[in-house]
Amino acid sequence: MKGIRIKGTGRCVPERVVTNEDLAARMDTSDEWITSRTGIRRRRHCTAETHSTLCAGAARAALARAGVSPEEIGACIVATVTADDLVPSAACVLQRELGLPQDIPCFDLSAACTGFLFALHTMECLLNASPRRFGLVVGAEVLSRVTNWEDRGTCVLFGDGAGAAVVECREGWPSIGAVLGCHGDDRLLRLPGVERGGRSLISMEGTRVFKFAVEAVPWCVDRVLERTGRTVEDVDFFVFHQANARIIDLAVRKYHIPPEKYYKNIAEYGNTSAASIPLVLSELEEQGRVGPGSRTLVVGFGGGLTWGGAMVEFA
Ligand code: UT7
């Protein structure tokens with residue numbers, strides 16, 4: 001089996017910044033509560049932007065950084081639960097917008113906040129069976145569209161954005177060693193499908209999801225290390241899904257991860273679900289904190305329930 005590496009990342013976020021103070025002015029909440037419970041200070045919400053424009057912006061930036069042209073792409077996956085339309089998929093729209101080849105698979109993948117990891121693993125499998133070497137993986141969400149503004153326990157958490165990675169597949173590179181899992185549950189975290197006459201809005205039992213997350217993260221870290229035959233010390237960088245700063249802090253303490261080896265941008269973007277991991281990766285790459293030779297352990301968890309991890313290297 002050939003392995004994939006990240007060749008370049010990119011991101012695109014809406015212009016409009018919504019602060020905790022903005023939310024406190026319209027509902028019974030406070031900057032103090034949101035910051036201390038979650039680490040979130042601001043998030044972005046779409047106004048003129050759409051899911052498609054965010055995807056295209058992030059994908060173009062990733063292609064430019066990777067130095068790969070759209071014609072070279074062998075498959076395109078958009079991880080999302082908030083595409084503009086169910087049909088055509090966000091990936092098909094991206095095929096048209098970017099001029100990706102027409103003889104490749106382009107499709108959306110639904111695994112909530114673990115979507116980007118499910119998509120990376122799927123892309124590794126697809127490229128192993130493809131004559132083309134490069135793949136485009138996007139994580140994008142417009143969660144402000146499905147936020148329940150009557151529920152202060154969830155509406156303060158979510159933000160909009162998109163991140164993308166161009167990956168390359170080569171003989172001799174190790175697999176990303178993805179470990180992925182699911183447990184069907186429609187009580188703890190739910191975004192209902194198209195309902196007759198109703199709007200589809202997110203609901204979540206936050207405290208119970210928190211408990212699930214703090215168990216899922218170490219499970220993923222341990223399994224990825226086991227599969228890849230690495231130790232915590234072998235890892236150059238840890239990237240965790242940005243759902244709550246406290247969940248990241250617990251993992252950091254458990255594995256004694258030094259400050260220079262992990263990153264949080266939840267203060268700026270909130271929880272952007274499938275976009276959260278590629279948003280982190282693209283900021284890290286831009287800052288020169290990851291790049292060729294970096295070995296990054298990536299962990300995601302979320303609705304479904306879903307969870308997963310992988311050891312991602314940069315080409
Ligand atoms: O990305 C997918 C995975 N998602 C996650 O991993 C999210 C995991 N869960 C969490 O991050 C946390 O559970 C939350 C941040 C969602 C909630 O934090 P919590 O510490 O579990 O708070 P809680 O829901 O137990 O609520 C505590 C109190 C309640 O008041 P009482 O009953 O103690 O009087 C809530 O009504 O805080 C109240 N509360 C708020 N107060 C001010 C809930 N939301 C707010 C709010 N502002 N926005």
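The calculated P(r) of segment 58-169, using every Cα pair and 5 Å bins from 0, goes 2, 13, 23, 23, 18, 9, 6, 4, 2, 0, 0 in percent.
As an exercise, use a Förster radius of 22 Å and the Cβ-Cβ distance of residue 146 and residue 246 to find the FRET efficiency, rounded to the nearest 0.05. According to the calculation, E is roughly 0.35.
At an R0 of 35 angstrom, the distance between the Cβ atoms of residue 47 and residue 194 translates into a FRET efficiency of 0.90. Applying the Karplus relation 6.51 cos²θ - 1.76 cosθ + 1.60 with θ = phi - 60° to segment 70-79 yields 3J(HN,Hα) values of x, 5, 8, 6, x, 6, 9, 10, 10, 8 Hz, where x marks Gly and Pro.
Mean sequence separation of contacting Cα pairs (under 8 Å, at least six apart), scaled by the length of segment 116-247, corresponds to a relative contact order of 21 percent. The phi-based Karplus calculation (6.51 cos²θ - 1.76 cosθ + 1.60; θ = phi - 60°) puts the 3J(HN,Hα) values of segment 7-23 at 9, x, 10, x, 8, 8, 10, x, 6, 6, 9, 10, 8, 4, 5, 4, 5 Hz, whole numbers, x for Gly and Pro. Using C-alpha pairs below 8 Å separated by at least 6 residues, the relative contact order for the chain is 26 percent. Straight-line cross-link reach from residue 254 at under 19 Å between alpha-carbon atoms covers these lysines, not counting any fewer than eight positions away in the same chain: 211, 264. Here's how it looks for residue 314: its modeled amide H is under 5 Å from those of 6, 293, 294, which are all 5 or more places away or on a different chain. Across segment 203-213, rounded Karplus estimates of 3J(HN,Hα) from the backbone phi angles (6.51 cos²θ - 1.76 cosθ + 1.60, θ = phi - 60°) give 10, 8, 8, x, 5, 6, 5, 4, 4, 4, 5 Hz, Gly and Pro being marked x. Distance between Cα centroids, segment 6-81 to segment 110-135: provide it in whole Å. Their Cα centres are 20 Å away from one another. The value of relative contact order for segment 229-290, using C-alpha pairs under 8 Å at least six residues apart, is 41 percent. Across the accessible surface of the chain, with the other protein chains kept in place and a 1.4 Å probe, carbon and sulfur atoms take up 49 percent.
For an R0 of 45 angstrom, estimate the FRET efficiency from the Cβ-Cβ distance between residue 86 and residue 210 and round to the nearest 0.05. Efficiency at R0 = 45 Å is approximately 0.90. Please state the shape class of segment 261-312: rounded when a/c is under 1.5, otherwise prolate if a/b exceeds b/c and oblate if not, all from the C-alpha gyration tensor. Here segment 261-312 falls in the oblate category. Between residue 71 and residue 32, the distance separating the two model label sites (each 7 Å from Cα on the Cα→Cβ line) works out to 6.2 nm. Extending 7 Å from Cα along the Cβ direction at residue 173 and again at residue 97 yields two label points whose distance is 2.5 nm. Each Lys or Arg adds one and each Asp or Glu takes one away; over the other residues whose Cβ falls under 14 Å from the Cβ of residue 109, this sums to -3. Dividing the convex hull volume of the alpha-carbon atoms in segment 1-56 by its residue count gives 153 Å³ per residue. Here's how it looks for residue 75: its modeled amide H is under 5 Å from those of 136, which are all 5 or more places away or on a different chain. For segment 107-260, what does the alpha-carbon gyration tensor say about shape, rounded, prolate or oblate, given a ≥ b ≥ c as the root eigenvalues, a/c under 1.5 as rounded, and a/b over b/c as prolate? It is oblate, given that a/c is not under 1.5 and a/b is not larger than b/c. Ellipticity at 222 nm from helices only: DSSP H runs of n ≥ 4 in the chain, each -39500 (n - 2.57), divided by the residue count, give -10000 deg cm²/dmol. Setting aside same-chain residues fewer than 8 positions from residue 261, which lysines have a Cα under 21 Å from its Cα? Qualifying lysines at Cα under 21 Å: 7.
Taken over segment 178-301, the alpha-carbon convex hull comes to 130 cubic angstrom per residue. Pair-distance distribution P(r) for segment 23-114, from all Cα-Cα distances in 5 Å bins starting at 0: 2, 12, 18, 18, 14, 12, 9, 7, 5, 3, 0 percent.
Every Cα-Cα pair of the chain was included, and the share exceeding 35 Å stands at 13 percent. The convex hull drawn around the Cα atoms of segment 74-135, when projected onto a plane and averaged over every direction, covers 4.1 nm². Partnerless cysteines in the chain, where a partner means another cysteine C-beta under 4.7 angstrom, comprise 12, 46, 55, 92, 113, 125, 155, 169, 182, 220.
The values are calculated or read from the model by the stated rules, or taken from the named source; none is laboratory data. Please read these numbers as outputs of a predicted model, since none were measured by experiment. Please note: Cβ atoms are built from the backbone with ideal geometry, for glycine as well, and neighbour counts cover all protein chains shown. Keep in mind that these areas ignore ligands, DNA and RNA; they rest on the heavy atoms of the full protein, side chains included. Shrake-Rupley method; radii C 1.70, N 1.55, O 1.52, S 1.80 Å.
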